[in-house]
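Quick notes on the structure that follows.
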Amino acid sequence: MTDTLNRLAEVLESRKGAAADSSYVASLYAKGLNKILEKLGEESIETIIAAKDAANSGDCSDVIYETADLWFHSMVMLASLGQHPQAVLDELDRRFGLSGHAEKAARPQS
């Protein structure tokens, strides 16, 4: 799994210097973080709708497709902020074996 994430992270990084008209990702970078976040929100909603539809129909093909879009746009967001997906994997590893309630209680209050 991390091979796929690493390969995608490399592609996303390489698009940072590309002309906006050369790729979809380069065009997102050129439009800035707000556009990337807009796409991420859109993909979140589409994933939620697909999951609700899958619960009714039993067909998960759309939820898989939309989740891929959600993950992809999450990675674009991370890359735009100078972060690698390994940071997210490291955080998940850190949480492994912790109670979700305990992990949430240990977070700094804002």
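The values are calculated or read from the model by the stated rules, or taken from the named source; none is laboratory data. Bear in mind that the values here come from a model prediction, so they are computed numbers and not experimental data. Positions of Cβ are generated from backbone atoms using ideal geometry, with glycine treated the same way; all protein chains shown enter the neighbour counts. All accessible areas refer to the heavy atoms of the entire protein, side chains included, with ligands and DNA or RNA removed. Shrake-Rupley method; radii C 1.70, N 1.55, O 1.52, S 1.80 Å.
Below, the figures for the structure above:
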| quantity | calculated |
| --- | --- |
| Filter result (open to solvent by less than 70 Å² (accessible area, probe 1.4 Å) and small (Gly, Ala, Ser)) within region 36-76 | Gly41, Ser44, Ala50, Ala51, Ala54, Gly58, Ser61, Ala68, Ser74 |
| Any hit, region 15-24, residues being hydroxyl-bearing (Ser, Thr, Tyr), more than 24 Å from Arg107 (Cα to Cα), open to solvent by less than 50 Å² (accessible area, probe 1.4 Å) and assigned to a helix (DSSP H, G or I) | no |
| Residue in region 80-91 that is without any contact (Cβ under 8 Å) to a residue 24 or more places away in the chain, surrounded by 11 or more Cβ atoms within 10 Å (Cβ to Cβ) and more than 20 Å from Thr4 (Cβ to Cβ) present | no |
| Qualifying residues in region 26-35 (those that are among the aliphatic types (A, V, I, L, M) and within 15 Å of the chain's Cα centre (by Cα)) - the one surrounded by the fewest Cβ atoms within 10 Å (Cβ to Cβ) | Leu33 |
| Test: residue in region 47-68 that is farther than 21 Å from Gly32 by Cβ, in a helix (DSSP H, G or I) and in contact with a Leu (Cβ under 9 Å, 6 or more places away or on another chain) | yes |
| Subset of region 1-14 [among the hydroxyl-bearing types (Ser, Thr, Tyr) and either exposed (fewer than 12 other Cβ atoms within 10 Å of the Cβ) or touching a strand residue (DSSP E or B) at 6+ places or on another chain (Cβ under 7 Å) (or both)] | Thr2, Thr4 |
